[in-house]
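**Q** Sharing a structure below in structure tokens format, with a few things to ask.
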Amino acid sequence: MPGNGGEAALTEPSSLYIHIPFCVSKCPYCSFVSWPGMDSLHQRYVAALLREAEWLRQNTSTQPLSTLFLGGGTPTILAGKELAAIVTACKGLFGFTHQAEISIEANPKTIDLEKLTLLRRSDINRLSIGVQSLQDKELQLLGRPHSADDAITAVRLARAAGFDNISLDLMYGTPGQDHKSWQQSLEQALSLAPDHLSLYELTVEQGTPYYQQLDQGLLDLPDEEELAAMDQITATLCRQAGLVQYEISNYARSGYECRHNINYWQNGPYLALGAGAVSCLEGRRQQKTSDPRLFCEQIESGQSVVQEEECLEPAASFRETVIMGLRMNQGVSKERLQRRYEMELNDCYGKTLIRRLVDQGLLEMTATHLRLTARGRIFANQVMAELV
Ligand code: SF4
């Protein structure tokens, strides 16, 4: 099939990502498409999103959505009724499968019981709360607009509103943090009985205030030894709490793994709406206009909002699928690779590379999957670099 990156029989997308690019303030480590101080644009942006959704429905062949993810930015900066209107519109246009996973990211500072109740009634059944730390000093250094108490209250309110699938995001390797404070944050987070945890190591991205501070020697980051101790603590505490690691940074109770993100890691097709959002269909990746004002203008005047487009060659797409799949503990399915690309691992990497990584104890080949070993997960970046 022309234009599909040479991939065999990709299914129609059943995942949709919607980007809400607004935040209360800009965190100094953040490189996402997110803008503070645009409150006056919210209503216009929601109207533009709804128009883009209609256009997408008319011009794309899709299945009913099995996952919808409202991410940001800070989606919950919008009014509850605006968010409910977006979800209702998507349901009407695309349909939802039975037991579709409908997620929203939330900042503790932007939710109360009334908003959470409205969200829960609107088909949203998974809440991902950006906690980041449960130490006020660390939260201040991270530039977060909320306190540890705000985050704890948010989880309690979410339960009271009827959310029974709650994920918490926490960061480690952050300024001023050591393994003891990480242990305290994680223990406190686990005491809230989350169904899912996303635990990300801070990466200092170019163009952020943190990058400048690091350059000037002003950022006090934990060293390798501290980071290794944090990894140990994470493994022990999550295991004790019954949360199983299913991806390099993600842990869940059985059955609460994030299906939307699993589709990303399987390099599956997904639709996207909103400023800065990225979609991937038939081997073609498109990024939408990042500036929300320009995005609204383009939608209102009927112009395209595609800012960048990339078409991957089959071999590049194959390698990407391997690398993304290795992020998951189960690894990448050999049968799926063969079915999708009509190619095997050795066709892409030659006979020796995978064998060497297996011999070094970094990769493991099971009857059905290629996956990282426990040691391979520690050196995941180096392994991925060899497989790019
Ligand atoms: S809340 Fe999230 S998206 Fe917004 S500025 Fe902070 S890190 Fe970026």
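The values are calculated or read from the model by the stated rules, or taken from the named source; none is laboratory data. Bear in mind the structure is a predicted one, so any value in this text is a computation, not a measurement. Cβ atoms come from the backbone with ideal geometry, glycine included; neighbour counts cover every protein chain shown. Surface accessibility is based on the protein's heavy atoms, side chains included, excluding ligands, DNA and RNA. Shrake-Rupley method; radii C 1.70, N 1.55, O 1.52, S 1.80 Å.
**Q** Which members of the stretch 237-246 meet the condition of being in a strand (DSSP E or B) and touching a Ser or Thr at 6+ places or on another chain (Cβ under 9 Å)?
**A** Listed by number, the residues that qualify are V244, Q245.
**Q** For the stretch 30-73, enumerate the residues that are open to solvent by 30 Å² or more (accessible area, probe 1.4 Å), more than 18 Å from Q286 (Cα to Cα) and within 13 Å of the ligand (Cβ to nearest atom).
**A** Hits for the stretch 30-73 are S31, W35, P36, G37.
**Q** Suppose we filter L157, L118, L139, L113 for residues that are aliphatic (A, V, I, L, M) and within 22 Å of the chain's Cα centre (by Cα); which single one remains? Even if it seems obvious, please write down each step before you answer.
**A** Values: L157 fails: within 22 Å of the chain's Cα centre (by Cα); L118 fails: within 22 Å of the chain's Cα centre (by Cα); L113 fails: within 22 Å of the chain's Cα centre (by Cα).
The conditions single out L139.
**Q** Mind checking whether some residue in the stretch 149-171 is of a type in the set (F, W, Y) and open to solvent by 10 Å² or more (accessible area, probe 1.4 Å)?
**A** Going residue by residue through the stretch 149-171, those that are of a type in the set (F, W, Y) are 163.
This time we only want the ones that are open to solvent by 10 Å² or more (accessible area, probe 1.4 Å), so: none.
There is no residue in the stretch 149-171 that is of a type in the set (F, W, Y) and open to solvent by 10 Å² or more (accessible area, probe 1.4 Å).
Residue by residue, here is whether (1) part of a strand (DSSP E or B); (2) open to solvent by less than 30 Å² (accessible area, probe 1.4 Å); (3) β-branched (V, I, T) holds:
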residue	(1), (2), (3)
R293	no, no, no
I299	no, yes, yes
S304	no, no, no
Q307	yes, no, no
A315	no, no, no
E320	no, no, no
E335	no, no, no
R339	no, no, no
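**Q** Another question about this same structure. Restricting the first residue to the stretch 73-101 and requiring it to be free of Cβ contacts under 8 Å to residues at least 60 places away in the same chain, which pairs with a second residue that is open to solvent by 20 Å² or more (accessible area, probe 1.4 Å) and of a type in the set (F, W, Y) meet a Cβ separation below 7 Å and a spacing of at least six or different chains?
**A** Cβ pairs passing all conditions: G73/F32.
**Q** Do the conditions hold for L326, that is, is it more than 27 Å from S254 (Cβ to Cβ), of a type in the set (A, V, I, L, M) and out of contact with any His (no Cβ under 9 Å at 6 or more places or on another chain)?
**A** Working: more than 27 Å from S254 (Cβ to Cβ): no; of a type in the set (A, V, I, L, M): yes; out of contact with any His (no Cβ under 9 Å at 6 or more places or on another chain): yes.
So L326 does not fit the description; no.
**Q** Name the residues in the stretch 197-224 that are part of a loop (DSSP other than H, G, I, E, B) and either closer than 30 Å to N165 by Cβ or open to solvent by 70 Å² or more (accessible area, probe 1.4 Å) (or both), would you? Walk me through it before giving the result.
**A** Start the filter on the stretch 197-224 by keeping residues that are part of a loop (DSSP other than H, G, I, E, B), which leaves 202-208, 216-223.
Scanning the stretch 197-224 gives L202, T203, E205, Q206, G207, Q216, L218, D220, D223.
**Q** Grab the strands (runs of 3 or more DSSP E) fully contained in the stretch 88-186, keeping just those with 2 or more residues being more than 16 Å from the ligand (Cβ to nearest atom). If you could, list the steps in order and put the result at the bottom.
**A** Numbers: elements: 96-106, 126-132, 166-172.
Fully inside the stretch 88-186 and qualifying: 96-106.
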